[in-house]
Amino acid sequence: MIMEQIKIIGIKELNNNEAETVNRLAKEYYGKIQRAIKNITSLAIHVKTYNITGKRKQYEINVKVIAPTKTFDSKAAEWDLAKALHKVFGKVERMIEHRFHD
């Protein structure tokens, strides 16, 4: 049920561990966002990798949360995938908090 509402673009570029991290954190944050916005329409996560040097690569994550009345958009780039995801979802959560607590 949850995964239909979460669209992850660019997951094919990732290895299994990275894909697992993205899926796990997407579900976790989707639950949090769902509690803040009761009627979330969709969550799109766009994962890009670049600056691949040896074993390191940089991740750029774009997240778009679509609710009936508003769209929340955020972007973060990090060398650590989990850190990038936490950062981008943290930004979205703060935006949502500000939007609904005015």
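For the subset of the range 1-17 comprising residues that are surrounded by 11 or more Cβ atoms within 10 Å (Cβ to Cβ), out of contact with any Phe, Trp or Tyr (no Cβ under 9 Å at 6 or more places or on another chain) and not aliphatic (A, V, I, L, M), which member is farthest from I96 (Cα to Cα)?
E13
Is there a residue in the range 40-62 that is under 13 Å from E93 (Cα atoms) and assigned to a strand (DSSP E or B)?
yes
Restricting the search to the range 18-40, which residues are exposed (fewer than 12 other Cβ atoms within 10 Å of the Cβ) and at pLDDT below 95?
The answer is G31, R35, K38, N39.
How about the range 56-99: which of its residues are within 14 Å of I40 (Cα to Cα), under 11 Å from the mean Cα position of the chain (by Cα) and surrounded by fewer than 19 Cβ atoms within 10 Å (Cβ to Cβ)?
Once the filter is applied, which keeps residues that are within 14 Å of I40 (Cα to Cα), under 11 Å from the mean Cα position of the chain (by Cα) and surrounded by fewer than 19 Cβ atoms within 10 Å (Cβ to Cβ), the range 56-99 yields K64, D73, E93.
Looking at the range 1-39, which of its residues are under 19 Å from K87 (Cα atoms), basic (K, R) and not in a helix (DSSP H, G or I)?
Result: K7, single match.
Every residue in the range 1-55 that is over 14 Å from the mean Cα position of the chain (by Cα), of a type in the set (S, T, Y) and within 21 Å of W79 (Cβ to Cβ), please.
T49, Y50, T53
Each row is one residue, and each column tells you yes or no for (1) out of contact with any Ser or Thr (no Cβ under 8 Å at 6 or more places or on another chain); (2) over 15 Å from K7 (Cβ atoms).
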residue: N39; (1), (2): yes, yes
residue: H46; (1), (2): yes, no
residue: Q58; (1), (2): no, yes
residue: K75; (1), (2): yes, yes
residue: H86; (1), (2): yes, yes
residue: G90; (1), (2): yes, yes
residue: M95; (1), (2): no, yes
residue: R99; (1), (2): yes, yes
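Just checking, how many residues over the range 18-48 are acidic (D, E) and farther than 24 Å from F100 by Cα?
Residues of the range 18-48 acidic (D, E): 18, 20, 28.
This time we only want the ones that are farther than 24 Å from F100 by Cα, so: 18, 20.
Qualifying residue count for the region: 2.
The values are calculated or read from the model by the stated rules, or taken from the named source; none is laboratory data. Keep in mind that what you see is a predicted model, and the values were worked out from it rather than measured. Neighbour counts run over all protein chains shown; Cβ positions are idealised from the backbone, glycine included.
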